[in-house]
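Here is the structure we will look at, set down as structure tokens.
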Amino acid sequence: MNALSHTSKPDAARLALDVERVRVDFPILHQQVHGCPLAFLDNAASAQRPRQVTEAISHYYHHDHANVHRGVHTLSHRATDAYEGAREKVRGFINAASTSEIVFTRGTTESINLVAATLGQSVRPGDEILITHLEHHSNIVPWKLLCERTGAVLRVAPIDADGAVRLDELQQMIGPRTRLVAVAHVSNALGTVNPVKRIVEWAHAADVPVLLDGAQATLHAAVDVRELDCEFYAFSGHKMCGPTGIGVLYGKQHWLEKLPPWQGGGEMILSVSFAETVYNKLPYKFEAGTPNIAGAIGLGAAIDYLSEIGLANIAAYESRLLGYMTDRLAAIDGLRLIGTAEVKAGVQSFVIDGIHPHDLGTVLDHKGVAIRTGHHCAMPVMEFFGVAGTARASLAFYNTQSEIDQLIDALQVAREILS
Ligand SMILES: Cc1ncc(COP(=O)(O)O)c(C=O)c1O
């Protein structure tokens, strides 16, 4: 049961999240910007970190830091235990079968590039990679580069006026030349939640693997990679209250085993001579060089934090908040909602007649409201809706109804000043 589900709605009455209690954990939220209380509604770009995450990182640096895996001394053992402990937390968080399937990367972008670079080695001219029109550039450009390198063809499933993928067309585009379907779990520009389990089933019926871009999913509801049955799942620490510079590529073990190594260096080998290299077992085969140890530990702490609140509670709370925000935005004269799909998570894009989104964002900032304006690294989406950019308010579980009221009041002021 979660907000990303197309089959069940959370039972809001049974779930509870004490937002004022939660906000105590986020020192950054308690400040004034231009003399107004900060209303941080830019969570899709990067979420904030609770004290528990920054404390876990400081603790590591103050007590346990050493390089991992190779040392015999106590600090190296402690650092290794903490790093591998974080991998186990990630495994549990997405319900992967084994820690061998959890590769630490710099983030979603690097995870997708890893798959594009390695899978790409067996892609032939005329093969097809299937994505959708609502992808973030991170799930477009690596595939375009792959196509340029290999002569493969990038195919793009269209979206409709609500910003939902046209599923009938997507299903028909999966064919004998499809080598991979790569789809966002949740769109960052539109908030659309794709019915990824169904997409995986269609792809599997044609024996095609699926990569899911989970950058916008993992903060908002429980993700179960075994239930989704996808081959690859990519996500970023900083979008789920963890540190920047750390992310994850989940891959089914037999897929990661058959992919060639990506970057070469220390850690990813068992033995090296000038004649022969024996690569390390999973997941280390894909973790060349000293990893982001503190980042992984911080991500582990973020997972502990989110798990303690409960992803079901988060999903139910955010779903109510999104409903409230969407209704209030829709009531503003001259405001057009962009992204009105039936199943959505945490994001609402919009434009206001005659006002440039950047001007809107600037006036809002002077009222303490942080939103993002521009193309949101999804230029094809902007082109589809005939706009250069949108204003986007994006939620996290620590946002409140009164912050949304602050957004609406600030928008009214902006309209008076700018129209
Ligand atoms: C849907 C989606 N995919 C991929 C990315 C890239 O994430 P990162 O910059 O953390 O690699 C983002 C970032 O906004 C995103 O929203």
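The values are calculated or read from the model by the stated rules, or taken from the named source; none is laboratory data. All of these numbers come straight from a predicted model, not from anything done at the bench. Here the Cβ positions follow ideal geometry from the backbone for every residue, glycine too, while neighbour counts run over all protein chains shown. With ligands, DNA and RNA removed, areas are computed over all heavy atoms of the protein, side chains included. Shrake-Rupley method; radii C 1.70, N 1.55, O 1.52, S 1.80 Å.
If a residue counts only when it is under 16 Å from V90 (Cβ atoms), which strands (runs of 3 or more DSSP E) contained entirely in the range 225-328 have at least 2 such residues? Reasoning before the result, please.
Values: elements: 232-236, 247-251, 269-272, 277-279.
Per the criteria, 232-236, 247-251.
Scan the range 1-59 for residues that are at pLDDT below 95, among the charged types (D, E, K, R) and open to solvent by less than 80 Å² (accessible area, probe 1.4 Å) and the total you get is 1. When the range 309-366 is filtered for residues that are under 18 Å from G191 (Cβ atoms), out of contact with any Leu (no Cβ under 9 Å at 6 or more places or on another chain) and without any contact (Cβ under 8 Å) to a residue 24 or more places away in the chain, the ones remaining, listed by number, are G323, D327, R336.
Selection of the range 60-87 for residues being without any contact (Cβ under 8 Å) to a residue 24 or more places away in the chain and open to solvent by 30 Å² or more (accessible area, probe 1.4 Å) yields H62, H63, R70, V72, H73, T74, L75, H77, R78, D81, E84. Restricted to the range 136-220, the set of strands (runs of 3 or more DSSP E) holding at least 2 residues that are surrounded by fewer than 20 Cβ atoms within 10 Å (Cβ to Cβ), touching a residue at least 12 places away in the same chain (Cβ under 8 Å) and not basic (K, R) comprises 153-157. Scan the range 95-122 for residues that are within 16 Å of the ligand (Cβ to nearest atom) and in a helix (DSSP H, G or I) and the total you get is 10. Residues in the range 123-135 that are open to solvent by 10 Å² or more (accessible area, probe 1.4 Å), outside any strand (DSSP E or B) and in contact (Cβ under 8 Å) with a residue 40 or more places away in the chain: G126, D127, H133.
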